[in-house]
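Take a look at the structure below.
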Amino acid sequence: MKAIKFLIVGTFFGIIMTKSEVISWFRIYEMFRFESFHMYGVIGSTVVLGVIIVQLIKRSALKSTEGQTITIEPKQMGVVRYLVGGTLFGLGWALVGACPGPLFALLGAGYWAIIIVIIGAILGTFLYGKFRKYLPH
Amino acid sequence: MDVIMQPWPWYVAGPLLASVLFLMLFFGKTFGFSSNLRHLCSMGGAGKTAEFFDYDWRKYKWNLLFLVGTVVGAFIASNFLMHNHRVDINPKTAAALVEIGINPDVDSYVPAEIFDLANLGSPKTLGILLIGGLLIGFGTRWAGGCTSGHAISGISNLQIPSIIATIGFFIGGLLMTHLLLPLIF
């Protein structure tokens, strides 16, 4: 089973997210009040290292385990969808204190009410898929 | 051992998350969590009513396995790798929470006022959870990604759309935290 490695990396991700408290509603609230460096440190250091990693991958033309040179498909250019969609997501993020990854981490951590949020998120995704042709992108 | 049991500081979590990004790229995939919500819709048969979900979700089994791993990892960390769920937030933040009627002094990652199962009977609590979820699902798909896909993967690749999306995330988050939350509670 080649796919098992994704289960392992996911488990690693779940542990990191839980142990660093970034799945905590309180940490998100604190972040949006700019009263702690914690969340900015987590996201910021990930991004700084991420930029370096992506640059090194590109310069060395590193091949993936699938045998192909690693490429990252760029997102289509646009403004409205990213800004408005992003803002809607931000409203939800600060309301329930979790983005999609943490929703499922909170489930694993035993916060059962998060199931309602997960149902809402799946429903929201479905509504987008249903009405996307009427939305500006 | 105690180092593991304590909450991990940002300078531990950040590099570890960057290694997750690297591993996903090295395995020939991308690091983006919210696509899973789309795959779950497709898996549930939403392809019959909307073209957006009409594809073979099995091709993305790797990402759904990542999702399952996230649940498992959080279960392991929460039950075996920590003493309690108390979050040591800034006293100023705690005071602001008390002011809007949320008790920050709890052994929990989330406030009881929103997440306590005993409150699920209240339409207000149920509404908050459901609307929060709807905004997350609708918003991330419209924006084409969430914190992992845009703020981490996208900005790591220096993509302008991801920077715009991340600015959006913060506009929404700041509006909610500073204007709406005090009205809701």
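The values are calculated or read from the model by the stated rules, or taken from the named source; none is laboratory data. Worth saying up front: this structure is predicted, and the values here are computed from it rather than measured. Positions of Cβ are backbone-derived with ideal geometry, glycine not excepted, and every protein chain shown enters the neighbour counts. When the accessible area is computed, the model is the full protein with side chains, heavy atoms only, and any ligands, DNA or RNA have been set aside. Shrake-Rupley method; radii C 1.70, N 1.55, O 1.52, S 1.80 Å.
Order the following by accessible area, largest value first: A:GLU66, A:GLU30. Probe radius 1.4 Å; ligands, DNA and RNA are ignored.
On the way: A:GLU66 85, A:GLU30 5 Å².
If we order A:GLU66, A:GLU30 from most to least accessible, we get A:GLU66, A:GLU30.
Within 10 Å of each Cβ of B:75-88, how many other protein chain Cβ atoms are there on average?
Numbers: counts 9, 7, 12, 11, 4, 1, 3, 4, 0, 0, 6, 3, 7, 5.
Averaged over the peptide's residues, the number is 5.
Per-residue mean of other chain beta-carbon atoms within 10 angstrom of the beta-carbon, peptide A:28-41?
6
Answer rounded, prolate or oblate for the range B:38-103, using the Cα gyration tensor with square roots of eigenvalues a ≥ b ≥ c: rounded when a/c is under 1.5, else prolate when a/b is larger than b/c, else oblate.
oblate
Would you look at the GNM of chain B, springs on alpha carbons closer than 10 Å, and say which of B:ILE167, B:ILE89, B:ILE136 moves the most?
Its mean-square fluctuation being the largest, the pick is B:ILE89.
Only helices at least 18 Å long along their own axis, judged from Cα atoms, and with Kyte-Doolittle mean hydropathy of 1.0 or greater: name those in chain B from DSSP H.
Flagged H segments are B:10-26, B:61-80, B:123-143, B:160-175.
For the range B:154-175, which residues drop by 50 square angstrom or more in accessible area between the chain on its own and all protein chains together (1.4 Å probe)?
Going by heavy-atom accessible area, the residues of the range B:154-175 that drop by at least 50 Å² are B:SER156, B:ASN157, B:GLN159, B:PRO161, B:ILE164, B:PHE169, B:PHE170.
Using a cut-off of under 20 Å, list every residue of the range B:66-105 whose amide N is near the label point 7 Å from the Cα of A:GLU35 along the Cα-to-beta-carbon line.
B:85-105
Normalised by the residues of the range A:2-134, what does the relative contact order come to in percent, with Cα pairs under 8 Å and at least six apart? Let's see the in-between values first.
Details: 58 pairs, mean separation 39.1, N = 133.
RCO, the range A:2-134: 29 percent.
Given the options B:GLY149, B:GLY132, B:GLY28, which has the most mean-square fluctuation in a GNM of chain B, springs set between C-alpha atoms less than 10 angstrom apart?
B:GLY28
Would you mind calculating the gained length between A:LYS58 and A:PHE131 on full extension (0.36 nm times residue separation, minus the Cα-Cα distance), in nm to one decimal?
Numbers: separation 73, 0.36 × 73 = 26.28 nm, distance 3.71 nm.
My answer for the length gained is 22.6 nm.
When only alpha-carbon atoms count, how far does chain A stretch along each of its three principal axes, as whole angstroms with the largest first?
Extents along the principal axes: 43, 41, 37 Å.
With each pseudo-label sitting 7 Å past Cα toward Cβ, what's the B:ASN119-A:THR65 distance in nm, one decimal?
Going by the 7 Å Cα→Cβ label model, 4.2 nm.
Top to bottom by accessible area (1.4 Å), largest first, where do B:PHE80, B:PHE26 land?
Working: B:PHE80 130, B:PHE26 60 Å².
Descending accessible area places them as B:PHE80, B:PHE26.
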